[in-house]
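Scroll down for the structure; my scribbles are underneath it.
The values are calculated or read from the model by the stated rules, or taken from the named source; none is laboratory data. Just so you know, these numbers come straight off a predicted model, no measurement behind them. Here Cβ is always computed from backbone atoms with ideal geometry, including for glycine, and neighbour counts include all displayed protein chains.
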Amino acid sequence: MSTINRTRFFLFQLIEKIRRVVHFRITRFIRRSPTQKNDTNLSEYYKLYDKIYTISDHPEFVNMYKNRHLIRDDFLQYSENKIIPSTGSLLDLGCGEGGNAIYFQNEGYSAAGVDASENAIRLAKKNAADEKSDAVFEVADILNMDTDGKKYDICVDVGCLHMLILSSHRKKYFNTVRNLLKKNGVFYLFQSATEKDITIDNEEDYVTNNISFEHRRMLDNGEIVRHSGCGGMPVSLAQYCDELKNAGFKPISNKIVNTPVGLFVSIVASLNSSA
């Protein structure tokens, strides 16, 4: 690494560390002020993500998606090993701007995507039109989703479940997924994770005191990229698997995946016929 690059790297890391201290320590006291405590609607907190899609045309924002090949390669490996069907109907839950659903459509699946964010679905439809893709998208909140009897061979979730903090929301989520899957369908998850099990004593306080919209920058192969988010509840691989089992799923395959943006888990599960 050249002297200039080393200096740039050091300055970037220093500035980012200061920024994150300000965000998570100083502004936390503001968010915990009694006059601010009720500003976060506990039933809608994850819709803060909608703000992300209002800045999605920013060139730095686009760069955060270049690591998606890790997810797609992982999925296709499961498909090649016949753990996931190589064809069939596929629903992307929390599809964002539609990149994965469009990709799976191009791979031969009949793909659709849903997201609670209207901005995300607007972008997804535009991206599908630009790429002349037949993938379809609609606004839907998975916690209150009318499945209308529609069933899919595969449900895909890349980063939706780990956004849900309240246990009641996570139970609703799993119930919806069960209703969306065909009898022999499979559920593929790629979620942010922690190395150790975590416990949140008071979920509502956690949301009120710790969740806020923030931008984070990182260096990826020497290039500054932007990642935006509003927190969530990633848990350990063991905890994800336990949740699936308790919700009537049977984990078929699972693993930990290290990525440039942190630790993730990859899980494939089927419906548990005995549940």
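To keep it simple, each residue is scored yes or no on (1) under 18 Å from the mean Cα position of the chain (by Cα); (2) closer than 20 Å to Asn246 by Cβ; (3) in a loop (DSSP other than H, G, I, E, B); (4) not hydrophobic (A, V, I, L, M, F, W, C).
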residue	(1), (2), (3), (4)
His169	yes, yes, no, yes
Arg178	no, yes, no, yes
Gln191	yes, yes, no, yes
Asp197	no, yes, yes, yes
Review point. On the given criteria, is Ala120 without any contact (Cβ under 8 Å) to a residue 12 or more places away in the chain and not in a strand (DSSP E or B)?
Key: no
Check your understanding: From the list Val139, Val114, Val158, which residue is hydrophobic (A, V, I, L, M, F, W, C) and modelled with pLDDT of 95 or more?
Key -> Val114
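Results for (1) in a helix (DSSP H, G or I); (2) out of contact with any helix residue (DSSP H, G or I) (no Cβ under 7 Å at 6 or more places or on another chain); (3) among the hydrophobic types (A, V, I, L, M, F, W, C); (4) modelled with pLDDT of 95 or more, shown as yes or no for each residue.
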residue: Thr35; (1), (2), (3), (4): no, yes, no, no
residue: Leu42; (1), (2), (3), (4): no, no, yes, no
residue: Tyr65; (1), (2), (3), (4): yes, no, no, no
residue: Ile83; (1), (2), (3), (4): no, yes, yes, yes
Check your understanding: If you go through region 126-142 one residue at a time, do you hit one that is in contact with a helix residue (DSSP H, G or I) (Cβ under 8 Å, 6 or more places away or on another chain), within 20 Å of Ser270 (Cα to Cα) and either surrounded by 14 or more Cβ atoms within 10 Å (Cβ to Cβ) or not assigned by TED's automatic domain parsing to the domain that holds Gln191 (or both)?
Key -> yes
Exercise for review: Might you let me know whether region 155-167 holds any residue that is assigned to a strand (DSSP E or B), aliphatic (A, V, I, L, M), surrounded by 19 or more Cβ atoms within 10 Å (Cβ to Cβ) and in contact (Cβ under 8 Å) with a residue 40 or more places away in the chain?
Suggested key: yes
Point to revise | Single match in Leu70, Leu76 (criterion: within 19 Å of the chain's Cα centre (by Cα), surrounded by 15 or more Cβ atoms within 10 Å (Cβ to Cβ), part of a helix (DSSP H, G or I) and modelled with pLDDT under 90) | key: Leu70
Exercise for review: Go through the residues of region 220-229 one by one and say whether even a single one is modelled with pLDDT under 85, exposed (fewer than 15 other Cβ atoms within 10 Å of the Cβ) and among the hydrophobic types (A, V, I, L, M, F, W, C).
Suggested key: yes
Practice item. Could you tell me which residue of region 145-154 is surrounded by the fewest Cβ atoms within 10 Å (Cβ to Cβ), considering only residues that are touching a helix residue (DSSP H, G or I) at 6+ places or on another chain (Cβ under 9 Å) and part of a strand (DSSP E or B)? Key: Tyr152
Check your understanding: With Phe104, Phe174 as the choices, which residue is in a helix (DSSP H, G or I), among the aromatic types (Phe, Trp, Tyr), farther than 24 Å from Asn258 by Cβ and in contact (Cβ under 8 Å) with a residue 24 or more places away in the chain?
Key -> Phe174
